[in-house]
């Protein structure tokens, strides 16, 4: 009658990859010192307010391995069917990032890498809390409007007079005591949840055909409310925070999820048009945006003003195909190399090959989560997985594209890699949500077979057998049992 | 929802492909211009710190890079810096380079296209790339003799092997020590640079190839060549009055002494360097014939680009009086000492002008030859028959005339003196010569002989320098 699709947990492979990722991350740290001094790293020192911790290099490396293995163990315990390679990929990116920050510390004599390791401790804690407490992402679906309010509040928080901080022309920070926090990082996840919950509920309404124009089904004017509100909020962010990157991420996420939920190309076209309008408005209204465009198109006309992006290009060219090697390049010549331009620093020391490898690491994470979105059996999980995968990809595309002159530079962070606690914590929470969805999508469940539907239509009086799985989406059904190509049927 | 998710996946995939394609495009297309950018500190510092190749004179490295424990890693050192500065130039962090250090920068730094394979091997072997060495054509003995004979008088000496064009000696005075500009102490470099540029004696200017001066009577060789090519013989009689009135002018051109009659042979005119005879001759030949002859010797061509040499010039549109003055190497005729050495060399080489060069071969790090220079003919200045006639006339100058101080027993030497007097400044003393064995042509230019103006003569002050150079090469 019905089959249970059971995917393998791949525990051993996952653990081996985790160990490989941790070793690669640690080797960056060791190679910096072996290349620069011909010796193993000196003692490290971490100071948090009045507290100071220090120790030889292997204690730091040990802490790094411990964090990784704890994260892996907690995942194994609570989400045994979670995707086996996402967590190793996340740790590999984190390790490359901390090693590169440590390498840049050698040039400016700061101790940012130790601080970043401390943030990683907080981030892994947050990750574990999500993994342990959440277990099933569908619980998130209940609080649609709470999420909306929370997300918008976080997004607009930097505009508050006391909390908000302006940095490099964009008002995207809040300061709490000695810490500064970029709330848009967290808002990104919360809004993805809110959009997913809202759209799953309303998608049938939104998908109702409107006017057909140039072969595209445009939505009815009365359904334009949500996209109008989202566009207005995006405009608010653009005008008051002057942050092109967050605007693009936020609105891009909304348009993509609207399109995915309704399956109507009209929404995507409308969304793209509105993004163009936003860009045009931003360009016309703000010198800041015009400057960004000018330094994107013609950076070499003004060496002083575009020093950062020019220096990054010099660095990438200097790295060449295979890079200078850890600690052998001069990425510290680029201002803000630890934050916005860490991709250029990696490209300089690991070369074009290493740069593409990092891009592929991100690509693999996104691909695994998108695959989960395809395989998931209920709409909220599908939409949420697709949404977080897309916004993550868009963020990587925006910042790395900006650093390499594919796009105008916008100040979004490089997930898992760049320096900064709020970004690290937010992205580990995101990883927790992603893995939770993969666990739910991959854990054993009954997959209905084609005969059941066939017999149902043949005999209208026959009742549907009680199965554990929710009623499948007809669109999925048309493609055959989801995930059958990957999983093993028993 | 799977349809839209698939399409979104394609968009996401395109975004990641775009990132990688853009980075690859940048690597392939933009890297050359980024690396060549003058504002690229990475390249500048690294280039300054590379293990640049040596510059060799004979088998001796006169310029080399020594390992040093500072932020650059290698220190450029100039053994006998002052002696070879005119050729090697300097290599400075703040002020770039000059001479061979600049013109062969890519080879010395190991970044030239020809060294691509070496770089690939280095990359595979994990070695630091090393630059190629330059083997120069200089002869240490000739260079030292020229420098010592010139002493501290401002001027220049150029010696060429006229059969190949190889530069055997190239001296300019006063000179400088390139070590001062190659220092890693950038404050000291700045001070040295300021001092060298403020020095009234202009030690940074290369008088041998980068400056042009009126060649005086040495230019009579070019007029003689034009005369022989136009059909005259060494025995043809030419008018040699004590003075000539320049057409359209009240100025009278006089001879320094008696030329030996109102009509003398062309040979005699060259031997005694008779001004009126050559002025008349030049006037008859006309400026076009003179310019054409000068250009066949190399005038108007930028010579020795390795040292960024300049072209010598013959006036573009002189009136008859100016043509007559030009015929004795005055008015606006201006030549580098290198050019005048080529004039003498071409005459000795039976009329064939060889292109001068300084670097005979470039050798990679395993001493394999990256490129080798073969002698190259620049032009034919005159027929072999006429060249031999002019050789005899030049030998007579040294045997019986103004160039007697260049005589070397047992060696056939031809020469021509010159004393360029213009205005109030100290006259320039010139001497150009060639020897049959060794096959060398020499030009000596003494800008300031350090004696009273009326006593200056090429025969007295420049000819002994030429003799010293030729003797050093025997």
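A short reminder: the numbers here are calculations on the coordinates, not readings from a lab. Bear in mind the structure is a predicted one, so any value in this text is a computation, not a measurement. Counting neighbours? That spans all protein chains shown, and the Cβs are built from the backbone with ideal geometry, glycine included.
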Practice prompt. Shielding by partners for B:38-47, please: the mean number of other protein chain Cβ atoms within 10 Å of each residue's Cβ.
Written response: 4
Worksheet item: Considering every residue in A:328-341, what mean count of other chain Cβ atoms within 10 Å of its Cβ is obtained?
Response: 1
Fill in: For chain B, alpha-carbon Rg relative to the globular expectation (2.2 N^0.38 Å, N residues)
1.19
Item to complete: Go ahead and collect, in residue order, the members of the range A:89-129 whose backbone nitrogen is under 15 Å from a label point 7 Å along the Cα-Cβ direction of residue A:45.
Response: A:106, A:108-115
Item to complete: Calculate how steeply helix B:275-285 sits against the longest principal axis of the alpha-carbon atoms of chain B, using the helix alpha-carbon long axis, and give the answer as 0 to 90 degrees to the nearest 10.
Response: 70 degrees
Fill in: Residue mean of other protein chain beta carbons inside 10 Å, A:311-321
6
Worksheet item: Under 17 Å from a point 7 Å along the Cα-to-Cβ line of residue A:322: which residues of the range A:23-45 have their amide N that close?
Response: A:35
Worksheet item: Dividing the convex hull volume of the alpha carbon atoms of the range B:404-457 by its residue count, what do you get in Å³ per residue?
Response: 76 Å³
Worksheet item: Going from the alpha-carbon gyration tensor of the range A:1-150, what semi-axes, largest first and in whole Å, does one get by taking the root of 5 times each eigenvalue?
Response: 35, 21, 12
Item to complete: Over the alpha-carbon set of the range B:186-345, work out the extent along each principal axis and list the three values in angstrom, largest first.
Response: 66, 30, 28
Response to the item:
Subtracting the Cα-Cα distance of residue A:163 and residue A:4 from 0.36 nm times their residue separation yields 52.0 nm
Response to the item:
Here the residues of the range B:34-59 lying in the modelled label zone of residue B:361, meaning backbone nitrogen under 20 Å from a point 7 Å along Cα-to-Cβ, are B:53-59
Fill in: C-alpha long axis of helix B:140-150 to longest principal axis of chain B, angle in °
50 degrees
Fill in: Rg(Cα) / (2.2 N^0.38 Å) computed for the protein assembly as shown, rounded to two decimals
1.37
Fill in: Spread of Cα-to-Cα distances over 20 Å intervals beginning at zero, given as percent, for the range A:3-442
25, 57, 17, 1
Worksheet item: Relative to the longest principal axis of chain B, what angle (0 to 90°, nearest 10) does the C-alpha long axis of helix B:220-229 take?
Response: 80 degrees
Worksheet item: Quick one: if the Förster radius is 30 Å, what FRET efficiency do residue A:24 and residue B:66 give, using the C-beta to C-beta distance and rounding to 0.05?
Response: 0.20
Worksheet item: What Kirkwood hydrodynamic radius, in Å, does the range B:255-331 give when the mean of 1/r is taken over all pairs of distinct Cα atoms and then inverted?
Response: 13.7 Å
Worksheet item: So between residue B:194 and residue B:288, what do we pick up on full extension, going 0.36 nm a residue minus the alpha carbon distance?
Response: 29.4 nm
